[in-house]
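Participant: Below: one structure in structure tokens.
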Amino acid sequence: MSFLQIRQLTKQWQDTTAVDAINIEIEQGEFVALLGPSGCGKSTTLRMIAGLEEPSSGTIMLQNVEITSLPPGKRQLSMVFQSYALFPHLSVKENILFGLKARNINKDEQQKRFDAVVELVNLTAQIEKKPGQLSGGQCQRVALARAIVSQAPICLMDEPLSNLDAKLRAEMRSEIRTLQKKLGLTVIYVTHDQIEAMSMADRIVLLNAGAIEQAGIPESLYNTPASTFVASFIGHLPMNLLTTQQQIMGVRPEHIRTHHNLSDIEKKKTYSQAISAQVLNCDYQGIDTVVKVKLSNDADQETIFKLSLAGLQRIDVGNTVFLDWPLEQQHYFDRQTGKRSAPVTV
């Protein structure tokens, strides 16, 4: 049996279903990201696991024990919040030890755990400071230390990096993942940032309107999206989607080649038929250039594609380019359901 089992978990408010009968199994030591846009039910799911929200129906089992109705303090869970939730009048050390003191852990054990964790999170020089004297990254380390020192079976993290700048977020992603692996923590991590989920998680559960759209390792969501929603949500740039009479075809921006004229295109059976497009915008981003184009041969509707071209690419706005891509990089989806399907042959 899995370490944590969530069965048919549902949360309703009158006529609104925030979480719709979801099933999740999490193994001990696994890092699982609950990913999705605002309002998809990820934070509500986390709050039900934590005991901060009462499910409308369903069960939560931890180590073969049902905890669905237990109060938060009885669930042996630790939690790291977006807001840090530190006591401003307490020192770093007092903040870290607060939970242990509240549970009447003996002083020797408190000190033993504190000495171990404060070195892990690189806060040795800050232990006598108050939260107001710390940077955002240091405050987040204090919150992490407080969670780790509890030695709870599962650590729940609710968008813990959203208040940090981009550079610090990248550093903290690496630190959290390193700590999780080193300590063998079981982590459930809520985020709306697919880069966080892709770079940190062993497994991603992607939620959409309260239901699980797809769950699996990051590579599976990227390489074989189960629906157009997954295809559009996962990736540095969303997958380009082209609606045909039979179905929806998708191709990722980094798999598209550009040519200035048809004679430049190598005639390969492994590549798609060339499509002409008008350049609308070029956005140089250092590692790549994002090119926005409008497909020229789409008479019924305006279709916009984005391309990711390596390095600096100078293409004048208004120019016509020709696009093709490897056939094995094409994805197909049903027009009615948006679900992944096999290609329709005519």
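The values are calculated or read from the model by the stated rules, or taken from the named source; none is laboratory data. Note that this is a predicted model, so its numbers are computed, not measured. Note that each Cβ is placed from the backbone with ideal geometry, even for glycine, and that neighbours are counted across all protein chains shown.
Participant: Between a residue in region 1-29 that is at negative phi and any residue that is acidic (Asp, Glu) and surrounded by 15 or more Cβ atoms within 10 Å (Cβ to Cβ), which pairs come within a Cβ distance under 8 Å, given they are 6 or more apart or on different chains?
Facilitator: As it stands, the answer is Ser2/Glu25; Phe3/Glu30; Leu4/Glu25; Gln5/Glu25; Ile6/Glu25; Thr10/Asp20; Lys11/Glu53, since those pairs meet every condition given.
Participant: Any residue in region 284-292 that is farther than 18 Å from Thr243 by Cβ, free of Cβ contacts under 8 Å to residues at least 24 places away in the same chain and loosely packed, with under 15 Cβ neighbours inside 10 Å?
Facilitator: yes
Participant: I need every pair where a residue in region 120-136 that is more than 24 Å from Leu185 (Cβ to Cβ) has its Cβ under 8 Å from the Cβ of a residue that is part of a loop (DSSP other than H, G, I, E, B), sequence separation at least 6 or different chains.
Facilitator: Close Cβ pairs satisfying both conditions: Glu128/Ser91; Lys129/Ser91; Lys130/Pro88; Lys130/His89; Lys130/Leu90; Lys130/Ser91; Gly132/Pro88.
Participant: Search region 77-91 for residues being on the phi < 0 side of the Ramachandran plot and among the aromatic types (Phe, Trp, Tyr), and hand back the single one that is modelled with the lowest pLDDT. Walk me through how you get there before you give the answer.
Facilitator: Initial filter on region 77-91 (on the phi < 0 side of the Ramachandran plot): 77-83, 86-91.
Pick out the ones that are also among the aromatic types (Phe, Trp, Tyr) and you get 81, 87.
Details: Phe81: 83, Phe87: 90.
So, considering only residues that are on the phi < 0 side of the Ramachandran plot and among the aromatic types (Phe, Trp, Tyr), the one modelled with the lowest pLDDT is Phe81.
Participant: Within the bounds of region 57-64, is there any residue that is more than 27 Å from the chain's Cα centre (by Cα), within 21 Å of Ile26 (Cα to Cα), in a loop (DSSP other than H, G, I, E, B) and modelled with pLDDT of 90 or more?
Facilitator: Taking region 57-64 as the starting set, the residues that turn out to be more than 27 Å from the chain's Cα centre (by Cα) are 64.
Within this subset, residues satisfying the condition of being within 21 Å of Ile26 (Cα to Cα) are 64.
Checking the rest, the ones that are also in a loop (DSSP other than H, G, I, E, B) come to 64.
Add one more test, that the residue is modelled with pLDDT of 90 or more, and what stays is 64.
Yes.
Participant: Can you pull out the residues in region 181-208 that are of a type outside the set (Asp, Glu), assigned to a loop (DSSP other than H, G, I, E, B), touching a Phe, Trp or Tyr at 6+ places or on another chain (Cβ under 9 Å) and more than 18 Å from Ile49 (Cα to Cα)? Spell out how you get there, then give the answer.
Facilitator: So the first thing to find is which residues in region 181-208 are of a type outside the set (Asp, Glu), and the list is 181-192, 194-195, 197-201, 203-208.
Subsequent filtering for residues that are assigned to a loop (DSSP other than H, G, I, E, B) retains 184-185, 192, 201.
Right, trim to touching a Phe, Trp or Tyr at 6+ places or on another chain (Cβ under 9 Å) and you get 185, 201.
Hit for region 181-208 is Ala201, nothing else.
Participant: If a residue must be within 30 Å of Lys167 (Cβ to Cβ), surrounded by fewer than 17 Cβ atoms within 10 Å (Cβ to Cβ) and either in contact (Cβ under 8 Å) with a residue 24 or more places away in the chain or hydrophobic (A, V, I, L, M, F, W, C) (or both), how many such residues does region 203-249 contain?
Facilitator: The number of residues fulfilling the criteria is 4.
Participant: Which pairs do you get when a residue that is not assigned by TED's automatic domain parsing to the domain that holds Val187 and of a type in the set (Asp, Glu), found in region 79-107, comes within reach of a residue that is outside any loop (DSSP other than H, G, I, E, B) and surrounded by fewer than 19 Cβ atoms within 10 Å (Cβ to Cβ), reach meaning Cβ atoms under 8 angstrom, with the pair 6+ apart or on two chains?
Facilitator: none
Participant: Could you pull out the residue among Leu168, Leu156 that is among the aliphatic types (A, V, I, L, M) and assigned to a strand (DSSP E or B)?
Facilitator: Working: Leu168 fails: assigned to a strand (DSSP E or B).
When all the criteria are applied, what remains is Leu156.
Participant: Any residue in region 327-338 that is under 13 Å from Ala226 (Cα atoms) sitting within a Cβ distance under 6 Å of a residue that is exposed (fewer than 14 other Cβ atoms within 10 Å of the Cβ)? List the pairs, counting only those 6 or more apart or interchain.
Facilitator: Note: pairs meeting the criteria are Tyr332/Pro343.
Participant: Which residue out of Asp165, Asp193, Asp202 is farther than 25 Å from Ser308 by Cβ and in the same structural domain as Leu144 (by TED's automatic domain parsing)? Show your work before the answer.
Facilitator: Working: Asp165 fails: farther than 25 Å from Ser308 by Cβ; Asp193 fails: farther than 25 Å from Ser308 by Cβ.
Going through Asp165, Asp193, Asp202 in turn, the sole match is Asp202.
Participant: Let me ask something additional. Determine which single condition Thr68 fails, assuming it passes every other condition in (1) assigned to a loop (DSSP other than H, G, I, E, B); (2) surrounded by fewer than 16 Cβ atoms within 10 Å (Cβ to Cβ).
Facilitator: Just one mismatch for Thr68, condition (2).
Participant: Related question: Does any residue in region 177-199 that is under 21 Å from Asn163 (Cβ atoms) come within less than 8 Å, Cβ to Cβ, of a residue that is of a type in the set (Phe, Trp, Tyr) and assigned to a helix (DSSP H, G or I) six or more places away or on a different chain, and which pairs are these?
Facilitator: Gln194/Phe233; Met198/Tyr222
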